[in-house]
Amino acid sequence: SIQPVYGAQHPPLDPRLTKNFIKDRSKANALPMKSKKASSFHEFARNTSDAWDIGDDEDEDFSSSSSSLQTLNSKVAKATAAQVLENHSKLRAKPERAQSTLSDMPTNCKVIKSSSEAQLSRTSEEACMRTPLQKQQSLPLRPVIPLVARISDQNASGAPPMTVREKTRLEKFRQLLSSHNTDLDELRKCSWPGVPREVRPVTWRLLSGYLPANMERRKLTLQRKREEYFGFIQQYYDSRNEEHHQDTYRQIHIDIPRTNPLIPLFQQPLVQEIFERILFIWAIRHPASGYVQGINDLVTPFFVVFLSEYVEEDVENFDVTNLSQDVLRSIEADSFWCMSKLLDGIQDNYTFAQPGIQKKVKALEELVSRIDEQVHNHFRKYEVEYLQFAFRWMNNLLMRELPLRCTIRLWDTYQSEPEGFSHFHLYVCAAFLIKWRKEILDEEDFQGLLMLLQNLPTIHWGNEEIGLLLAEAYRLKYMFADAPNHYRR
């Protein structure tokens, strides 16, 4: 069965949406601006109702089964996609602070705040590059990172050779992995600061519980589990054409093309077929939850990591038809089993009414109210509910907020932590929210806060930013995990 998900679906870039937005914007320029900003959810809803009427033929049947609150959130997401072009292309600064800065900037330049805006703003960027820099030349320059950011670690290729410390760490991993019985506690300890790309596939299989620690049993286990998975394919996959599975398969079929749409790897038909099989078999074998929007994202890190075992270059543009059928079958089966192990620990996130996510969002609210009361009160002042932005953070494990390379690094640590995907993730979300406290406090209306929180500027993030985020999350965990009453009022 399909469970409607509140706030989980990030709308794909729709040319109709962009076209209508341009028309609306040209009309708006001829009219006087409203003096009053939307300061509450309901005012924001009324002021942006025109953007909610844009239909999605594929989703009509599914949206009709959602509750009014769920439908409202989906429409807010669509309105956000349109309005982010204008609202987040301006510097978020106080008028007195921003006046001199804005006067120095070319009028047709945009400040890129999200990957979605970056994709739509290439033309403006080219025009901006042809404009004299004026006083901007005195500002520190940031290295340019491609919009479709590299999946591989930033130090994996195209960078200076490994340092002595990195070589020592890699050798330590190889010794652990080649021992007769791998010490899993030591492997987790070594993996917490990140796993080298060369040994990440086998390390993830071990940390997820898919592979045994005993070296002699690994080959037979892999063979048996891969055969078992393709036995499920033969047994269940044809049932996707049966009437009682049509809704499940149709929703999966709709969601797959939306998975990382800016990365060419995931737009290949063969890759999409693999994802459809993985998700459908998982849904059939877990009827308590069935397929829920957002689970499709959880396949991608495993698929990329296991693909990198056979591909030396960056995988985002790799043509998987160059791989043998046996290799693709191995990657598919391993991705299925490791994703299943992950979901076994957080399945209450996806059962009816998704109680796991509801509890985590409430816990996040209580935690933030203790560690940063100013931010918490700011949300209350402008009627921003944590569920409106944090539901997606919990449902998708921050995958919609971070580049895929950052997610892979984050999961190195999650698999090293006890209950990393469920318990530790709460503290990562708290640290992630407080990371943007200045930007949050600068926003002074509901609309601006919601669009900021749904389009945080993380496209340039890499291992360094994730390392700092994890360190802060660990500090919060150390302070609050063993004293839950500490963050309850």
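Observations on the structure shown:
- Test: Lys341 is surrounded by fewer than 22 Cβ atoms within 10 Å (Cβ to Cβ), of a type in the set (Lys, Arg) and farther than 30 Å from Glu276 by Cβ: no
- Residues (open to solvent by 30 Å² or more (accessible area, probe 1.4 Å), within 18 Å of the chain's Cα centre (by Cα) and more than 21 Å from Gly290 (Cβ to Cβ)) located in region 227-273: Asn260, Pro261, Leu262, Pro264, Gln267
- Residue match in region 211-218 (condition: charged (D, E, K, R) and within 24 Å of the chain's Cα centre (by Cα)): no
- Within region 465-479, residues that are in contact (Cβ under 8 Å) with a residue 24 or more places away in the chain reach partners that are open to solvent by 10 Å² or more (accessible area, probe 1.4 Å) and assigned to a helix (DSSP H, G or I) with beta carbons closer than 7 Å, at six or more positions or on different chains, in the pairs Ile466/Arg409; Leu469/Lys435; Leu476/Ile371.
- Any chance Pro160 is at pLDDT below 90 and open to solvent by 20 Å² or more (accessible area, probe 1.4 Å): yes
- Which listed residue, of Ile408, Ile346, Ile357, is in contact with a helix residue (DSSP H, G or I) (Cβ under 9 Å, 6 or more places away or on another chain), surrounded by fewer than 21 Cβ atoms within 10 Å (Cβ to Cβ) and among the aliphatic types (A, V, I, L, M): Ile346
The values are calculated or read from the model by the stated rules, or taken from the named source; none is laboratory data. Note that the structure is predicted; figures quoted are calculated from it, not measured. Positions of Cβ are generated from backbone atoms using ideal geometry, with glycine treated the same way; all protein chains shown enter the neighbour counts. The area values use the complete protein model at the heavy-atom level, side chains included, leaving out ligands, DNA and RNA. Shrake-Rupley method; radii C 1.70, N 1.55, O 1.52, S 1.80 Å.
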